[in-house]
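The block underneath contains the structure these notes are about, expressed in structure tokens.
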Amino acid sequence: MFATLEEINSRPAPFQFYTAADLWTDEHTSKQMLAYHLNADIDVSSRRAEFIDRSVKWIASKFGIGPGTRIADFGCGPGLYSNRLAQLGARVTGIDFSKRSIDHARGVAADGGVAVEYIHHNYLDFDTEQHFDIILMIMCDFCALSPPQRMSLLRKFNSLLSSGGSVLLDVYSLNAFRERKETSLYAVNLMDGFWSAQKYYGFLNTFKYDDEKLILDKYTIVEPQQTRTIYNWLQHFSPGSLRAEFEEEGFTQQNLYADVAGKPFENTTSEFAIVASKA
């Protein structure tokens, strides 16, 4: 038992493990995640509906979205942005790892009479012959990726954008990093049954990596037939560190905002957004 507890509470190397599939493709947790996405009153998995409406309005104005604008929504979830943008006439492609979310997005699009190309795929491996005017990656998905994954994705974005096209994404700031504390938590059915439909014992260990400005929420879920460990990595950025990653992959024109609804940039927020354009 002691050795097991030592393993549960052990600190891995930064980005040593990548377990996105365990969160997004598991039958039970994908159902829980979709419920969070669709709760319009909370900022979990997706923003509140009021914010999304305001964000879409700003995006449409900022980029002059209208009939024929080509948009790729990486990590589109249940289509909360994609379907709204398609209603404006944009030609939208939504990519997401969760089949449950993609199926929901397709159903909403069909019911609303809008045409969106939804693709069930890990966006890290996604490729297409299409080119886009705008690429979106919203809700700080970029922060869950290791440095090599981020560089590969930005390289992909550059290749998929039309000349003069732009990327819009948001990230966690160093203010958010400073607010996080290392903790250890144990509970029966941790997070009110989020991880399994049957009884389980859940451990949450939060680790801070000061040099990397990285947070790990490590979940160990002990069920009767199996023990699972899910690693939720959260990279935090300064404006300079985010700009440097984009510049390395050829994005020279960049503008910062406090959020993806176009609020002017501030140094005090827990998140911020970037619009980076292809030269």
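Where a number appears in this text, it was derived from the coordinates with a stated rule and is not lab data. Since we're looking at a predicted model, the values are computed, not measured. Here the Cβ is made from the backbone with ideal geometry for all residues, glycine too, and neighbour counts use every protein chain on show.
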Size of the dipole of the chain about the Cα centre, Lys and Arg at +1 and Asp and Glu at -1 on the beta carbon, nothing else charged, in debye to 20?
420
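For the pairs Lys62/Lys213; Lys218/Lys278; Lys208/Lys278; Lys99/Lys156, flag any whose C-alpha to C-alpha distance is greater than 25 Å.
Lys62/Lys213; Lys218/Lys278; Lys208/Lys278
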Please list, ordered by chain and number, the residues whose modelled amide H lies under 5 Å from the amide H of Asp73; skip anything fewer than 5 residues away on the same chain.
Thr93, Gly94, Ile95, Leu136
Over 25 Å, how big is the tail of the calculated P(r) for segment 138-279, in percent of all Cα pairs?
40
Semi-axes in Å, largest first, for the chain (Cα gyration tensor, √(5λ)) are 32, 23, 16
Looks like segment 60-141, by Cα gyration tensor root eigenvalues a ≥ b ≥ c and the a/c under 1.5 rounded cutoff (else prolate when a/b is bigger than b/c, oblate otherwise), is oblate
Please label the shape of segment 147-188 as rounded, prolate or oblate, based on the square roots a ≥ b ≥ c of the eigenvalues of the alpha-carbon gyration tensor (a/c under 1.5 means rounded; beyond that, a/b larger than b/c means prolate, else oblate).
prolate
Given a 10 angstrom Cα cut-off, can you work out which residue in Lys213, Lys263, Lys181 is the most mobile in a GNM of the chain?
Lys181
